[in-house]
Structure formats: structure tokens, C-alpha cells
Amino acid sequence: MLTFEEARKIGLDACAEKLGREFVRKHAKTSSTAYGDAEDYAYCFIGVSDQPSKPYREGDKIVLSSAPEDQFPYMASCNVWYDTGKIDFLECILPAV
């Protein structure tokens, strides 16, 4: 049985592998990770943009990041099951090779 921390590491590693480690490293400044603890599995996500962040307007405020719809054109997400360690990939949008 995996702990949340073990499953999180496995899931983020699997997502990085799916996207391509070199691609993720190259765009580390415009990428993000997320993860969550569900009852039976850990959810893991890596989102990567290959474009520099640029300010956009949200109402009367200027936000110093990419517009939400442009934020992560590439992503990988998965669930890692605590009891088996099985990885189920969910949504994956991968860069062209």
C-alpha cells in the first residue's frame, strides 16, 4: 500500500515522462504541478507552456501571467492507486516529437 507522498512522486514522475523530461525541464519557468489526495488514489498533474508569460486584463486589473485559456497548452494528468500503484492516465496533451 502506497502513502500519499509515494503515490504523488510516482504520479508526477509518470506525467513528466509522458510529456518528455527534457521538454518539462526546458520550460520549467512556465510550468506547474498539482496533486490531490482522494480516498483510493492520488491525482497528479503537470501543465507546461512553451510560450513566455504575458500580462492580460481581468476586469480593471492587470494579471502578470498567461491568460487562463493559454496557460497550459501541454499537460498530463493521472491517478495513482494506493493499493496497487497502478497509474491511470487521464487527460494528456503532448508536444509534437
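Just so it is clear, none of the values below were taken in a lab; they were calculated from the coordinates. None of the values given here were measured: they were computed from a predicted structure.
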- In terms of modelled amide H atoms, which long-range or inter-chain residues lie less than 5 Å from the amide H of residue 20? none
- Item | Relative contact order, percent, the range 1-46 [alpha-carbon distance under 8 Å, six or more residues apart] | 48
- Whole-number value, in Å³ per residue, for the convex hull of the alpha carbons of the range 1-44 is 65
